[in-house]
Amino acid sequence: MGSYNYLGFAENNADFLKTVADKVQRYGAGVCSTRQEIGNLNMHQELEQLVAHFLGVESSMIFGMGFATNSMNIPALVGKGCLIVSDELNHTSLILGARLSGATIRVFKHNNMHSLEKLLREAVCSGQPRTRRPWKKILIMVEGIYSMEGSVARLPEIIALKKKYKAYLYLDEAHSIGAVGPSGRGVTELFNVSPADVDVMMGTFTKSFGAAGGYIAGKKDLVDYLRSHSHSAVYASAMSPPITEQVTRAMKCIMGQDGSMEGIRRIRQLAENTRYFRAKLKDMGFIIYGDDDSPVVPVLLYMPGKVVAFAREMLERRIGVVVVGFPATPITEARARFCLSASHTREILDQVLHHMNEVGDLLCLKFSRRKRSSWPDPCKGTNSEVDS
Amino acid sequence: MRRLFYSRGDASCSLSSYRLTAEEKTRRFPLAETPLLFAFPPAGRMNFKNMREYLAWLYYQYLLITGIYVLEPWEKSIFNSVLFSAIAMVVYTSYVFVPIHVHLALEFFFENFGGQPESTMALMN
């Protein structure tokens, strides 16, 4: 229950992977060169056009590594004299890219629009730290879905703020592309926001597409600039052919271009699984973070000892879970993170929920104090402790 | 002790959900009859067959909450022996000194009826 396989494309099915195997035979396992030298293949350009069409933007560029997409492209976009306003809980790749760029970094509280507005207002009014000159650029960095919280960024409000204070928005859709939205186009579709409002859309192919690598999409000028000025574009080797083929196949399946309803079926299955699982866990009494639409479900365990015990107990019941502790989360908020997938059936989820119930009772993990609606059991320990 | 549980359970149930259907009322009792269920660690829906299992579960909760569950067995025994000796010292000290302290405190605050007859005679003289 812990893999990032949101749409189930990481399946090991020989039929579906025929084209990928074919590409390995034709082009080999790797390109061994950068895009700028001899590593540019037709399929790279086709995939870039496909990604741009999928997202509804003018053009896009793909990179071989998702982490490097963030860390090597942000220094190309901002430099000294610019301001980066980033969320508290941003991923390490974003933080690394921000630090490498040499710009000033200010942090606002997670998903807190008042904090963001206050920061932007202060930045626009007082300018650069010592010289008081206006900032060259202000870049707001947020993620679509935060992987440790499962929360979704408040996109409409951020776009309103961005327009008011004339800042730029960098949206990292690593977990949300393909996984949210009625047709899998990410948080822009979830909130019904035009993709042209987001200046730099970034995402990775690691999660929903079952491949590796990342992309940056946006206006044509932006992507053309990045092609020659980004470190990753000039020095890193290009995406390898079988992976490009896997992404192309997955994306065509999601968009419905291969002629079947498979893509839409998977997206709907994922949405249904998400709703069902979250509702059931809440009813059982666990404390869960995150938005109701996000397929990332963190169940809070709080105690460091219970982290280990939970993983062991679930493994004994033959369910693999991912538990997260100190450096990735605050030390008192350890959690078990479930990632739902379109390839989970209702029986699998029911089995997991049944075992979660048992383990939750064994380890006393049902901390929630909400009135339980579906389970009429008023004499349960936690309730009587609270009320008496 | 069982009677205590029933009354406590009733009180808390009446506070937490004031509209119990007949089905819920009947469902409550099988749970109450499971031996030794008091609300201190929420052993809500676990079925313990005997005292030994319940104590083993309590020891497990203690290991989890203090965090020594993750340690090696010899580290667990060191921690347990240090904690046990500290508690034993507290118990011994309280046994020896608490009656004396309580007596002195009562004498200090309520000296009008805690004092000895000799002192009032001394005051009159």
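Please treat every number below as a calculation from the coordinates, not as lab data. These numbers come from a predicted model, not from an experiment. In this analysis, Cβ positions are derived from the backbone assuming ideal geometry, glycine residues included, and neighbour counts consider all displayed protein chains.
Relative to the longest principal axis of the Cα atoms of chain A, helix A:18-27 runs at roughly 40 degrees. Adding -39500 (n - 2.57) for every DSSP H run of four residues or longer, then dividing by how many residues the protein assembly as shown holds, sets the calculated 222 nm ellipticity at -16000 deg cm²/dmol.
Strictly over 29 Å apart at the Cα level, which of A:LYS207/B:LYS76; A:LYS220/A:LYS252; A:LYS163/A:LYS282 would you flag in this model? Don't skip to the end; give the middle numbers.
Numbers: A:LYS207/B:LYS76 41 Å; A:LYS220/A:LYS252 22 Å; A:LYS163/A:LYS282 37 Å.
From A:LYS207/B:LYS76; A:LYS220/A:LYS252; A:LYS163/A:LYS282, over 29 Å: A:LYS207/B:LYS76; A:LYS163/A:LYS282.
Once you reduce the range A:121-145 and the range A:1-55 to the center of their Cα atoms, the two points are 38 Å from each other.
Where does each of A:SER260, A:SER208 land when they are ranked from fewest to most other beta-carbon atoms within 10 angstrom? Provide the component values of the computation, followed by the final result.
Numbers: A:SER260 10, A:SER208 34.
If I rank by nearby Cβ atoms, fewest first, I get A:SER260, A:SER208.
Ranking A:LEU139, A:ILE62, A:VAL234 by how far each Cα lies toward the positive end of the dipole of the protein assembly as shown (charges on Cβ) leaves A:LEU139 at the top.
In a reduced charge model with +1 at each Lys and Arg Cβ and -1 at each Asp and Glu Cβ, chain A shows a dipole moment near 1100 debye about its Cα centre. Note on A:ILE74, A:ILE84, A:ILE38: ascending count of other Cβ atoms within 10 Å places them as A:ILE38, A:ILE84, A:ILE74, the fewest first.
Can I get the semi-axes of the range A:209-280's equivalent ellipsoid? Compute them from the C-alpha gyration tensor as square roots of 5 times the eigenvalues, in angstrom, largest first.
On the way: eigenvalues 202, 50, 34 Å².
The answer is 32, 16, 13 Å, longest axis first.
A cut-off under 15 angstrom between Cβ atoms defines the neighbours of A:LEU17, and their net charge, with Lys, Arg +1 and Asp, Glu -1, is -1.
What is the fewest-to-most order of A:MET113, A:MET303 by other Cβ atoms lying within 10 Å of their Cβ? If you can, show how the numbers build up before the last one.
Working: A:MET113 14, A:MET303 19.
Ascending number of Cβ neighbours within 10 Å: A:MET113, A:MET303.
Computed from Cα positions, the angle between helix A:220-229 and the longest principal axis of chain A comes to roughly 80 degrees.
Using the empirical formula 2.2 N^0.38 Å as the baseline, the Cα radius of gyration of the range A:1-65 reaches a ratio of 1.35.
Give the residue list of trypsin sites (Lys or Arg not before Pro) in the range A:246-353 that are DSSP loop and have at most 15 other beta-carbon atoms within 10 angstrom.
On the way: sites: A:ARG249, A:LYS252, A:ARG265, A:ARG266, A:ARG268, A:ARG275, A:ARG278, A:LYS280, A:LYS282, A:LYS306, A:ARG312, A:ARG317, A:ARG318, A:ARG335, A:ARG337, A:ARG346; in loops: A:ARG317, A:ARG318.
Passing both the DSSP loop test and the Cβ count: A:ARG317, A:ARG318.
Between the listed residues B:HIS103, A:MET1, A:HIS91, the Cα displaced farthest toward the positive end of the dipole of the protein assembly as shown, a dipole computed from Cβ unit charges relative to the Cα centre, is found at A:HIS91. The three principal axes of the Cα atoms in the range A:1-140 give end-to-end lengths of 60, 41, 26 Å, sorted in falling order. At the listed q of 0.06, 0.07, 0.08 Å⁻¹, the Debye profile of the protein assembly as shown, built from one uniform point per Cα, gives log10 I(q)/I(0) equal to -0.43, -0.55, -0.67.
About the centre of its Cα atoms, the range A:23-145 shows a dipole size close to 620 debye [charges on the beta carbon of Lys, Arg (+1) and Asp, Glu (-1) only; nearest 20 debye].
Projecting the Cα atoms of A:GLY127, A:MET201, B:SER85 onto the charge dipole of the protein assembly as shown (Cβ charges, centred on the Cα centre) puts A:GLY127 farthest toward the positive pole.
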